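Engineer: Handing you a structure now.
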Amino acid sequence: MDTHLTVLGWLYILGNGVLLSIGAIGWFFLAGIGVLAGVDSGDPVATSIMAIIATAGLAFFGILALPGLLAGIGLLKRKSWARILALVVGFFSLFSFPLGTALAIYTFWVLLQDDSDDYFIVPKAI
């Protein structure tokens, strides 16, 4: 079970890191188009508009990737909150066929077993 939790944590980090990388590549692509459009047309507004669109796209992908990255890091550190977060992210990943669905099924299989509770650090009550 310990190995499965580690693999699951790294899968969440890797998958959502790729999602964040797609947003960064899109940002560079759209910002580059904006610069070329501004230079070609001589209109500085084109550069500004494309920069805003590129930044909004990067923010969108960043917001999508953040819960999965946090779930992966939390699973590697065996935090109790990471189990709940990974189950929620796994549920939403069901709709991303085929890789997201496979990750979600693996998440449910690992985290919904009875003995998976033993591997997480439970905060002590005050």
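The values are calculated or read from the model by the stated rules, or taken from the named source; none is laboratory data. Only a predicted model underlies this, so the values are computations on that prediction, with no experimental measurement involved. Cβ coordinates were reconstructed from backbone atoms using ideal geometry, including for glycine residues, and neighbour counts include every protein chain displayed.
Engineer: Kindly indicate whether any position in the range 7-24 is out of contact with any strand residue (DSSP E or B) (no Cβ under 8 Å at 6 or more places or on another chain), among the small types (G, A, S), assigned to a helix (DSSP H, G or I) and free of Cβ contacts under 8 Å to residues at least 40 places away in the same chain. Reasoning before the result, please.
Structural biologist: If we filter the range 7-24 for residues that are out of contact with any strand residue (DSSP E or B) (no Cβ under 8 Å at 6 or more places or on another chain), which is where we start, we get 7-24.
Filter once more, so that each one left must be among the small types (G, A, S): 9, 15, 17, 21, 23-24.
Of the ones still in play, those that are also assigned to a helix (DSSP H, G or I) are 9, 15, 17, 21, 23-24.
Now narrow it down to the ones that are free of Cβ contacts under 8 Å to residues at least 40 places away in the same chain: 21, 24.
Scanning the range 7-24, I find at least one residue that is out of contact with any strand residue (DSSP E or B) (no Cβ under 8 Å at 6 or more places or on another chain), among the small types (G, A, S), assigned to a helix (DSSP H, G or I) and free of Cβ contacts under 8 Å to residues at least 40 places away in the same chain, so the answer is yes.
Engineer: Check whether at least one residue in the range 34-41 is over 16 Å from A86 (Cα atoms), modelled with pLDDT of 85 or more, within 26 Å of the chain's Cα centre (by Cα) and among the small types (G, A, S), and report yes or no.
Structural biologist: no
Engineer: Follow-up question, since we're still on this one. Given A54, A102, A71, A82, which one is exposed (fewer than 15 other Cβ atoms within 10 Å of the Cβ) and at pLDDT 90 or above?
Structural biologist: Working: A54 fails: exposed (fewer than 15 other Cβ atoms within 10 Å of the Cβ); A71 fails: exposed (fewer than 15 other Cβ atoms within 10 Å of the Cβ); A82 fails: exposed (fewer than 15 other Cβ atoms within 10 Å of the Cβ).
Result: A102 is the single residue among A54, A102, A71, A82 that is exposed (fewer than 15 other Cβ atoms within 10 Å of the Cβ) and at pLDDT 90 or above.
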